[in-house]
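In what follows, a structure is listed as structure tokens, so that the remarks can point back to it.
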Amino acid sequence: DQQVKQNSPSLSVQEGRISILNCDYTNSMFDYFLWYKKYPAEGPTFLISISSIKDKNEDGRFTVFLNKSAKHLSLHIVPSQPGDSAVYFCAASEYRGSQGNLIFGKGTKLSVKP
Amino acid sequence: DSGVTQTPKHLITATGQRVTLRCSPRSGDLSVYWYQQSLDQGLQFLIQYYNGEERAKGNILERFSAQQFPDLHSELNLSSLELGDSALYFCASSVIAGGDTDTQYFGPGTRLTVL
């Protein structure tokens, strides 16, 4: 039973345009959401996060939107650059006392074409 | 560079063997997490340690164990290895142990191949 779902395995976007990556979750107790970017043969790199008390967080070209009622979050990259081509993982955390493990989606492979 | 180091980078071994993967967290981080990424699978949480104590267990097999030492580095021990254990094993660290400000930073991973 997947608690975090990324339904698009891949996405192709033209350089300079907006990339929108989507993520859905089922556990209403999740209180922290993160996006990681992963290049082949490297570990996931933290990109941006959002707490469940917010609905938007922005960092440069990256913005994450959270819609709690729909249990949906999205990552917007504007403008997209070829160097953004990577696999993007959505992750969620339910803080329970001193436990904070992340539950990951299966990833969306983003290709930004020059 | 996340500041999390993992050794070795690659490991090739045979079925039935035992291996140890090592992780050094970022300076100041007290929590260490282990994740497994198999082919076609997302990252699966295995186990978490906080300041030397086990705090959470995920989908970790009984053949696997881990510990965190006083200097906060961690080791993941995999025994009686099977072909299906071939995967990327990632270590992550964070300052505390969760919560909406506690971001996990990942190491480069160890690629384990069981032949």
From the list B:19, B:32, pick out the single residue that is in contact with a strand residue (DSSP E or B) (Cβ under 6 Å, 6 or more places away or on another chain), of a type in the set (Val, Ile, Thr) and buried (at least 23 other Cβ atoms within 10 Å of the Cβ).
-> B:32
Filter pass, residue B:75 being within 13 Å of chain A (Cβ to nearest Cβ), at pLDDT 90 or above and surrounded by fewer than 23 Cβ atoms within 10 Å (Cβ to Cβ) = no
Among the residues of the range A:81-100, is there at least one that is part of a loop (DSSP other than H, G, I, E, B), buried (at least 16 other Cβ atoms within 10 Å of the Cβ) and more than 14 Å from every other protein chain (Cβ to nearest Cβ)?
-> yes
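Quick grid of which residues meet (1) crowded, with 18+ Cβ neighbours inside 10 Å; (2) of a type in the set (D, E, K, R); (3) not in a strand (DSSP E or B):
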residue: B:81; (1), (2), (3): yes, no, yes
residue: B:91; (1), (2), (3): yes, no, no
residue: B:96; (1), (2), (3): no, no, yes
residue: B:102; (1), (2), (3): no, yes, yes
residue: B:108; (1), (2), (3): yes, no, yes
residue: B:112; (1), (2), (3): yes, no, no
From B:58, B:109, B:42, which residue is modelled with pLDDT of 95 or more, under 28 Å from residue A:51 (Cα atoms) and at the interface with chain A (Cβ under 9 Å from one of its Cβ atoms)?
-> B:109
Conditions (1) touching a residue at least 40 places away in the same chain (Cβ under 8 Å); (2) more than 9 Å from every other protein chain (Cβ to nearest Cβ); (3) of a type in the set (Lys, Arg): number failed by residue B:63 | (1)
Name the single residue, out of those in the range B:42-61 being among the polar types (S, T, N, Q) and under 17 Å from residue B:90 (Cα atoms), that is surrounded by the fewest Cβ atoms within 10 Å (Cβ to Cβ).
-> B:59
Note on the range B:1-16: residues assigned to a loop (DSSP other than H, G, I, E, B) and surrounded by 15 or more Cβ atoms within 10 Å (Cβ to Cβ) are B:2, B:4
Within the range A:26-67, can you find the residues that are within 10 Å of chain B (Cβ to nearest Cβ), among the charged types (D, E, K, R) and touching a strand residue (DSSP E or B) at 6+ places or on another chain (Cβ under 8 Å)?
-> A:31, A:38, A:54
Scope the range A:1-35; condition polar (S, T, N, Q), part of a loop (DSSP other than H, G, I, E, B) and buried (at least 20 other Cβ atoms within 10 Å of the Cβ); matching residues | A:6
Selection over the range A:59-79 where residues are farther than 20 Å from residue A:2 by Cα and loosely packed, with under 14 Cβ neighbours inside 10 Å yields a count of 3
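The values are calculated or read from the model by the stated rules, or taken from the named source; none is laboratory data. Here the structure is a predicted model, which means the values were calculated and not measured. Because the Cβ atoms are built from the backbone with ideal geometry, glycine has one as well, and the counts that use them run over all protein chains shown.
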